[in-house]
Each structure stands twice: as C-alpha cells, then as structure tokens.
Amino acid sequence: MASISITYSETAVAYELPAEVGSVLTIGSAENCSIILPAETGVSKHHCSITRMEDGYAIADLGSANGTFANGNKVENEYLAAGSSYQLGSAMLTFTPDAVAEEGAETAPTATKTRKVVRKAAPAAADRVRAAAAAAAYNRKQQQINYFYVALVLIGAFYAGMAFYSWQNTGNPLPIFLR
C-alpha cells in the first residue's frame, strides 16, 4: 500500500494512503484536515491535498501562504513521484509508491536517537464524509439562526420608524395601527 512520510522537528510520521480512486487527504494545521501538522511548522490551515487518481496520487497546493515545493520547485498540481521530496513549510513529505512499500521496511523511515517514528492510517473516506455532512448541517442551522436575528432587527427597525413617524405627525409615539 502506498504511503507518505512527513518529517518535522524531531518527529517522523508515516501515513498509509487510501486505495479508493477519488479519495482526498488534506494536510494542514486546521482541525478538520485529514493530516494535522503543528502550526509551528509553517504549514497553512489547509496547506495541500493528496488525491488518489486512477493512475497514481496527485498533490495540489490549496493556496498556502508558504507554498508547496517539490525538489525546490513550486508545485500547484502534479503527480507524486517516488524519491521526490516535498516541502510544506518546514515539514518534509516523502512518497513511497505501492511497489516499493510492499518490498519491505528498508525504504521506511527508521528511528534514530533524536527522531520518533509513528505509523498511522489516514482517516477513512467514510469518516471524512460523515464529518463534512455534520459540518454542513451545523452551518445550515447557524444560517437559520442568523436569518431569525436579521428578521428581528428588521421588524424592530420598522416599528421604530413607524413610532418616529407617528410621533412627528401626531405627538403620540404609538403608531396609529397600535392605538
């Protein structure tokens, strides 16, 4: 199974990439990203994404502040290549394709005295879909609440305008339709 290894500070973390075509992993410092890196690494909230295509994996920069670089060249959207180093802020990403990952552990990052290696599976696509659906439902509820408050403000402004108009014309601040 294909994997990526992300190295930053004293840590190297390996993630297995999903095999389903169309699966998308986002990398960034925001809590809703598939792979969360510390903000101290210079990674944007939504820095880049890795998408499973029919013939490989593609990496795309998501408008990050510091950019995504492959071997020193800025990346907008391209296929991941074995042996290439991708820089995300101060973090380094290394891609291991399917064939190399199955051969053995000699290509996997090794632990040293100063580096901690952790293997994690990337979140399943179903979990990301459920989280996105929950976020969309929450946003719809918040939008309904906002509409309610806007309606209250407009009704209050209408009543205040009617009271002012009535007070100017009759000396009584209570609008005619409420007397």
Discussion item. As a test question: what accessible area, to the nearest 10 Å², does Ile36 have when a 1.4 Å probe is rolled over all protein chains in place?
Written reply: 90 Å²
Item to complete: Just report the Cα centroid separation between segment 142-168 and segment 22-86, whole Å.
Response: 47 Å
Worksheet item: Around Tyr57, which amide H atoms from residues at least 5 apart in sequence, or from another chain, sit under 5 Å from its own amide H, with H modelled in the peptide plane?
Response: Leu80
Item to complete: Just need the relative contact order of segment 2-99 here, percent rounded to a whole number, with Cα pairs under 8 Å and 6+ apart.
Response: 27 percent
Fill in: Glu40-Arg140 FRET efficiency (beta carbon distance; Förster radius 35 Å; 0.05 resolution)
0.50
Worksheet item: To the nearest 10 square angstrom, how much accessible area does Val24 have with a 1.4 angstrom probe?
Response: 60 Å²
Worksheet item: So, by mean Cβ neighbours within 10 angstrom, what's the order for 50-57, 165-172 with the highest one leading?
Response: 50-57, 165-172
Item to complete: For Phe69 and Trp167, calculate 0.36 nm times their separation in residues minus their Cα-Cα distance, and state this gained length in nm to one decimal.
Response: 28.5 nm
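The values are calculated or read from the model by the stated rules, or taken from the named source; none is laboratory data. Note that the coordinates shown come from a computational prediction; the quantities given were computed from them, not determined experimentally. Note that we place each Cβ from the backbone using ideal geometry, even for glycine, and neighbour counts take in every protein chain shown. Heads up: the accessible areas ignore ligands, DNA and RNA and are worked out on the full protein's heavy atoms, side chains in. Shrake-Rupley method; radii C 1.70, N 1.55, O 1.52, S 1.80 Å.
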